[in-house]
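This report refers to the structure that appears directly beneath it.
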Amino acid sequence: MTEATVLMGSFHDLERTAETLDRLRALGISDEDITILSSLPYSSRAMGRPPIATKLPFISLASAFAGLLTGLFFTAVAPHLYVIRVGGQPIVPVPTTAVLLFEFTMLFLILGTFLGVVFLNNSPSTGPQYEGASLADDRIEVLFRCPGDKQEAARTILQSLGAEKVYQPERREL
Amino acid sequence: MSAMNEATGPVLSDVEGPAEMAAPVSQARAEEEYSHHLLLDPRPQEEMNRMVLESLQRTGREYWIVVAVLAVMALGGFVGAWIYQIRWGMGVAGINRPNYWGVFIANFVFWVGISHSGTFVSAILRVLGAEFRRPITRAAEMMTTVSLLVAVSFLGIHVGRTWRGYWILPYPNQRGLWPNFRSPFLFDEIAIAAYLVGSTLYLYLPLIPDLAMARDRTTGWRNRLYRAMALGWRGTEVQWHNLQRAIAVFAFVIIPVMFSVHTIVAWDFALTKVVGWHSSIFGPYFVTGAIFSGVSAVINVLFIARSTMKLHYFIREEHFDALAKLMLVFSFVWTYFFFTDFFVEWYGGHKIGHQITAIQTMGPMAPFFYAMLFFNIVVPCATLWSRRVRHSPVILFLIALGVNVGMYLERFIIVTGFLRRNDLPFNWGTYTPSPVEISISLGSLAAFLLLYALLSRLFPIIPVWEVREGQLAHTLRRFGRAWVPTIAELEE
Amino acid sequence: MTENSHRWAMVIDLDLCTACQACVVACHAENNAATVGEEEVSKGRSLHWIRIERYWQGKGSHLKADFMPLLCQQCQNAPCEPVCPLYATVHDETESINIQVYNRCAGIRYCGVNCPYKVRMFNWFNPYFPEPLNEQLNPDVTVRTRGIMEKCNFCIQRIRRAREEAKADGLPVDKIAVQPACVQTCPTDALVFGDLNDPESRVSQLARSPRAFVLLEELGTQPSVFYLQRGDSHVSYE
């Protein structure tokens, strides 16, 4: 790590970016050392990258389950804490319970998914953690950790494929 | 191609001689022809972002005058009248026995209905893959959040002891009581909470990349605001992947929540023993009405936003055309449910049921009833089949305004009309909205417009990345001698 | 049903009722129910927990009124109860009546909407008791502020007092005798009050009469107020 520097190339084109990634991989730089920043979503299939595994579905399901439990508490447990009979209905009527279980599950699912995605998006990942130059344009930026001996070759690849900028980015706080 | 021609015999062009129709269209000319479609008229993202940021910061003198007027109406008519009502009591409203619920509840239902606009446009259209939703989702979702806030405020307004209204929230308290979860109002509370949280977060999630864009291009207080709200967005592959998964989850989840919310609001009425309200069709009837009034409200808001914020590049006639078609379809569906409800009550209902239908067709509700039918059925069905009408934003604005009036009248008739007639004729009564109620209702409209005007200048109203994504997916390809638009499915 | 519980009921004999409205006045006096004034009553905002409702029949010299006292029917399957989100109206298991808890009420008025008899009253403004009426207020009953629903509760304060006195005197609680204010005041004994759990009580016997009916029976609310048809039965409900 100490001898590896981080290089960045900025491209205007999906095709050239994918070609760059292929060549970098051929050079021996692994996918884990590469971060791609873009102003538009590109699927990992389009980039030729390995598919991304995400914990988001698990977080969503866990929150939904938490919602179900909360709903069960309010509809099935709470009425028994202080029993009040209303309108000749049973203490835990099935139809009202069903409606509320659905709504509580949805509420917690929604909240959990949002908090999950915010948490996951701010968690560190394997590639270099640097801010890109500017997200506002149609540009894709490729950041990668490059060991000293491969730097020259990497710079050649980037420039030959028409990267707009090739440089070592500074670490900047967001 | 030529092999096929030989097999089928002489080609038309051989028989009729050289004709213009055989001349192939060049790609450049095809692109020009199709450039009135937003997604086939690409511009650099840089330029689009600049347009959107300009519209954010375009707050001229007229804008501030309008905001000032709306603020006065909202503060005086809405907040002021409400404070007056809290001080003196519900008696300043026109409600009485048997009309215990009046215009405030009608307003509540109306605003919840308007809130269905956002979810329909951004969630259902996204799930169905309707590309015309791309530039309009955020404007619609902003409407949802603001109208839900107004709707919730009406729940507070209609409560006799407003200062005790918070008891309906489930929290451990010294009364030793959880609220009564068997009451339809509690279904309302949790459902509206789920929907409000859901649609606000659904507004927020796709906004994050645009906030990051705005963060990088503004200074001062705007920069600080966007920096905080962009939640550290850098645009990495992993972040995009998670964001798109989350948006997909939201889109799927918020659709059943949307249906359930207005069904539950309808059940505030249907679960009672009130004649005319106790109808099993109320659930679907209200949901349809909500989508109908929501789509119309989107047309209204888009028209105003487009003209005042100069968004003519993004919002084009094709979007109004698509929304107008939706308006027509939902006019049909609403008519179907309305007629079912009315007809069943009229034909097979008991004595008091006949009173309910008579009070609409011949009684005090008759002017509102016929106006409602005119705006909801006659006007849309008479005009929206015409392509010229659908491509004219001004006419659509007026038609949509009429639909909103008609849908408000529908709520008004159901809430205030049906309570006037009940099982025991000596309990029949009348209801006239008082000046306080009218002031609060108009003030709420001002509050909605005010909040929307402020929000639309705070956050980028067009999701540029979604529009650009759509433009990447749309190309022209040859199909025989013609060039046709093709849509690629870019998402994983 | 717990031990020492009652099933209070009222029987109203429409043959004996003269519509003198003494019950209305007595109820106002006993329960601190304010008089709202002529203008508010004309808007439909009276606070009469018991009221005489009437239909006019005929014309001119043949004009007649058919009337009946109407009060909270104390339904066993009360539609007003499940819709209150705050448990402000609940079913009292020991007395088998529908009670209103003023402190919990926030004035949402859902109960009023759902009552098919429209016997629930709302305090539209703060009640005003002009001097010296404020000295006549019953100390056993809360004075309600604006924004609270109220209705007849079979003078629960009298029932509770009778219970406590019976316990204090060591007498059996299930045999207490109570009369709400309206029953006590009625000059013709048209109103009879008692415990349906006791099959020999006058109320039980009258409730079994072939003249007995309940209002809006088809709604399934199971009221505790029984009416006895009058002779020319204009207000009977088939």
Among the residues of segment C:150-166, is there at least one that is away from every other protein chain (no Cβ under 14 Å), touching a residue at least 24 places away in the same chain (Cβ under 8 Å) and exposed (fewer than 14 other Cβ atoms within 10 Å of the Cβ)? no
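Taking C:Asp189, is it within 19 Å of the chain's Cα centre (by Cα), away from every other protein chain (no Cβ under 14 Å), of a type in the set (Asp, Glu) and farther than 25 Å from C:Pro79 by Cα? Give the steps one after another, and end with the answer.
Details: within 19 Å of the chain's Cα centre (by Cα): yes; away from every other protein chain (no Cβ under 14 Å): yes; of a type in the set (Asp, Glu): yes; farther than 25 Å from C:Pro79 by Cα: yes.
Judged against the criteria, C:Asp189 is a match.
A quick yes/no check of all residues on (1) touching a residue at least 60 places away in the same chain (Cβ under 8 Å); (2) in a helix (DSSP H, G or I); (3) acidic (Asp, Glu); (4) within 25 Å of B:Ala473 (Cβ to Cβ):
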| site | (1), (2), (3), (4) |
| --- | --- |
| B:Val109 | yes, yes, no, no |
| B:Gly118 | yes, yes, no, yes |
| B:Arg126 | yes, yes, no, yes |
| B:Met143 | yes, yes, no, no |
| B:Val152 | no, yes, no, no |
| B:Gly156 | no, yes, no, no |
| B:Gly165 | no, yes, no, no |
Scanning segment C:61-110 for residues that are within 9 Å of chain B (Cβ to nearest Cβ) and in a helix (DSSP H, G or I), the one nearest to B:Ile190 (Cα to Cα) turns out to be C:Tyr110
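Yes or no: B:Gln355 touching a Lys or Arg at 6+ places or on another chain (Cβ under 8 Å) and not aromatic (Phe, Trp, Tyr)? Reasoning before the result, please.
Numbers: touching a Lys or Arg at 6+ places or on another chain (Cβ under 8 Å): yes; not aromatic (Phe, Trp, Tyr): yes.
When the stated conditions are applied, B:Gln355 passes them.
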Kindly indicate whether any position in segment C:129-142 is within 11 Å of chain B (Cβ to nearest Cβ), out of contact with any Cys (no Cβ under 9 Å at 6 or more places or on another chain) and either assigned to a strand (DSSP E or B) or not aliphatic (A, V, I, L, M) (or both). no
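Quick check on B:Leu449: is it at pLDDT 95 or above, touching a helix residue (DSSP H, G or I) at 6+ places or on another chain (Cβ under 8 Å) and within 19 Å of B:Thr59 (Cβ to Cβ)?
Numbers: at pLDDT 95 or above: yes; touching a helix residue (DSSP H, G or I) at 6+ places or on another chain (Cβ under 8 Å): yes; within 19 Å of B:Thr59 (Cβ to Cβ): yes.
So B:Leu449 fits the description; yes.
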Worksheet item: Being surrounded by fewer than 15 Cβ atoms within 10 Å (Cβ to Cβ), within 14 Å of chain C (Cβ to nearest Cβ) and among the charged types (D, E, K, R), is that true of even one residue in segment B:46-53?
Response: no
Note on segment B:443-466: residues of a type in the set (A, V, I, L, M, F, W, C) and surrounded by fewer than 22 Cβ atoms within 10 Å (Cβ to Cβ) are B:Leu445, B:Ala446, B:Leu449, B:Leu451, B:Ala453, B:Leu454, B:Leu455, B:Leu458, B:Phe459
Within segment A:59-73, is there a residue that is of a type in the set (Val, Ile, Thr) and either more than 16 Å from the chain's Cα centre (by Cα) or closer than 22 Å to B:Thr263 by Cβ (or both)? yes
Of those in segment A:19-32 that are closer than 19 Å to A:Ser125 by Cβ and in contact with a helix residue (DSSP H, G or I) (Cβ under 9 Å, 6 or more places away or on another chain), the residue surrounded by the fewest Cβ atoms within 10 Å (Cβ to Cβ) is A:Arg25
Considering segment B:327-348, residues that are farther than 15 Å from B:Phe375 by Cα and in contact (Cβ under 8 Å) with a residue 60 or more places away in the chain, and then whichever is surrounded by the fewest Cβ atoms within 10 Å (Cβ to Cβ), we arrive at B:Val344
Checked against (1) crowded, with 22+ Cβ neighbours inside 10 Å; (2) closer than 29 Å to B:Leu445 by Cβ, B:Ala212 satisfies every condition except (2)
In segment B:266-280, anything buried (at least 22 other Cβ atoms within 10 Å of the Cβ) and of a type in the set (D, E, K, R) is listed as B:Asp268
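Residues are listed down the side, and each one gets a yes or a no for (1) at pLDDT below 80; (2) under 30 Å from B:Arg43 (Cα atoms); (3) surrounded by fewer than 16 Cβ atoms within 10 Å (Cβ to Cβ):
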{"position": "A:Gly116", "(1), (2), (3)": "no, no, no"}
{"position": "A:Phe119", "(1), (2), (3)": "no, no, yes"}
{"position": "A:Ser123", "(1), (2), (3)": "no, no, yes"}
{"position": "A:Pro128", "(1), (2), (3)": "yes, no, no"}
{"position": "A:Val142", "(1), (2), (3)": "no, yes, no"}
{"position": "A:Ala154", "(1), (2), (3)": "no, no, no"}
{"position": "A:Ile157", "(1), (2), (3)": "no, yes, no"}
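Name the one entry in A:Leu72, A:Leu111, A:Leu100, A:Leu81 that is closer than 30 Å to B:His241 by Cα and among the hydrophobic types (A, V, I, L, M, F, W, C). Outline the logic, then answer.
Values: A:Leu72 fails: closer than 30 Å to B:His241 by Cα; A:Leu100 fails: closer than 30 Å to B:His241 by Cα; A:Leu81 fails: closer than 30 Å to B:His241 by Cα.
It is A:Leu111.
So if I check each of B:Thr432, B:Thr416, which one is under 25 Å from B:Gly113 (Cβ atoms), surrounded by fewer than 19 Cβ atoms within 10 Å (Cβ to Cβ) and within 14 Å of chain C (Cβ to nearest Cβ)?
Values: B:Thr416 fails: surrounded by fewer than 19 Cβ atoms within 10 Å (Cβ to Cβ).
Only one candidate passes the filter, namely B:Thr432.
Is it the case that some residue within segment B:101-115 is surrounded by fewer than 20 Cβ atoms within 10 Å (Cβ to Cβ), within 12 Å of chain C (Cβ to nearest Cβ) and either of a type in the set (A, V, I, L, M, F, W, C) or closer than 22 Å to B:Phe250 by Cα (or both)? I'd like the intermediate steps shown before the answer.
Kept after step one, since they are surrounded by fewer than 20 Cβ atoms within 10 Å (Cβ to Cβ), are these residues of segment B:101-115: none.
Checked against the condition, which is being surrounded by fewer than 20 Cβ atoms within 10 Å (Cβ to Cβ), within 12 Å of chain C (Cβ to nearest Cβ) and either of a type in the set (A, V, I, L, M, F, W, C) or closer than 22 Å to B:Phe250 by Cα (or both), segment B:101-115 yields no hits at all.
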Take B:Ala191 and tell me if it is of a type in the set (Gly, Ala, Ser), out of contact with any strand residue (DSSP E or B) (no Cβ under 9 Å at 6 or more places or on another chain) and facing chain A (nearest Cβ under 9 Å).
yes
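Only one of B:Leu311, B:Leu225, B:Leu323 is assigned to a loop (DSSP other than H, G, I, E, B), among the hydrophobic types (A, V, I, L, M, F, W, C) and more than 10 Å from every other protein chain (Cβ to nearest Cβ); which? Break it down into steps so the answer makes sense when it comes.
Details: B:Leu225 fails: assigned to a loop (DSSP other than H, G, I, E, B); B:Leu323 fails: assigned to a loop (DSSP other than H, G, I, E, B).
Result: B:Leu311 is the single residue among B:Leu311, B:Leu225, B:Leu323 that is assigned to a loop (DSSP other than H, G, I, E, B), among the hydrophobic types (A, V, I, L, M, F, W, C) and more than 10 Å from every other protein chain (Cβ to nearest Cβ).
Look at B:Ile487 and say whether it is within 30 Å of C:Val41 (Cβ to Cβ) and away from every other protein chain (no Cβ under 14 Å).
On the way: within 30 Å of C:Val41 (Cβ to Cβ): no; away from every other protein chain (no Cβ under 14 Å): yes.
No.
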Picked from segment A:93-103 (must be more than 7 Å from every other protein chain (Cβ to nearest Cβ) and crowded, with 16+ Cβ neighbours inside 10 Å), the residue nearest to C:Glu81 (Cα to Cα) is A:Thr97
Listed by range, helices (runs of 4 or more DSSP H) wholly within segment A:35-92 having at least 1 residues that are within 14 Å of chain C (Cβ to nearest Cβ) and surrounded by fewer than 18 Cβ atoms within 10 Å (Cβ to Cβ) are A:78-81
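Conditions tested, residue by residue: (1) modelled with pLDDT under 95; (2) closer than 27 Å to C:Asp15 by Cα; (3) among the aliphatic types (A, V, I, L, M).
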residue: C:Ala162; (1), (2), (3): yes, no, yes
residue: C:Ala166; (1), (2), (3): yes, no, yes
residue: C:Ala177; (1), (2), (3): yes, yes, yes
residue: C:Val183; (1), (2), (3): no, yes, yes
residue: C:Pro187; (1), (2), (3): no, yes, no
Considering residues that are at pLDDT below 90 and in a helix (DSSP H, G or I), the number found within segment B:228-237 is 1
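Kindly establish whether B:Leu177 is of a type in the set (A, V, I, L, M), assigned to a loop (DSSP other than H, G, I, E, B), surrounded by fewer than 24 Cβ atoms within 10 Å (Cβ to Cβ) and within 11 Å of chain C (Cβ to nearest Cβ).
Values: of a type in the set (A, V, I, L, M): yes; assigned to a loop (DSSP other than H, G, I, E, B): yes; surrounded by fewer than 24 Cβ atoms within 10 Å (Cβ to Cβ): yes; within 11 Å of chain C (Cβ to nearest Cβ): yes.
Spelling it out, B:Leu177 is indeed of a type in the set (A, V, I, L, M), assigned to a loop (DSSP other than H, G, I, E, B), surrounded by fewer than 24 Cβ atoms within 10 Å (Cβ to Cβ) and within 11 Å of chain C (Cβ to nearest Cβ).
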When restricted to B:Arg215, B:Arg164, B:Arg224, the only residue closer than 30 Å to C:Cys105 by Cβ and of a type in the set (Lys, Arg) is B:Arg164
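The values are calculated or read from the model by the stated rules, or taken from the named source; none is laboratory data. Note that the structure is a prediction, hence the values are computed from the model and not measured. Positions of Cβ are generated from backbone atoms using ideal geometry, with glycine treated the same way; all protein chains shown enter the neighbour counts.
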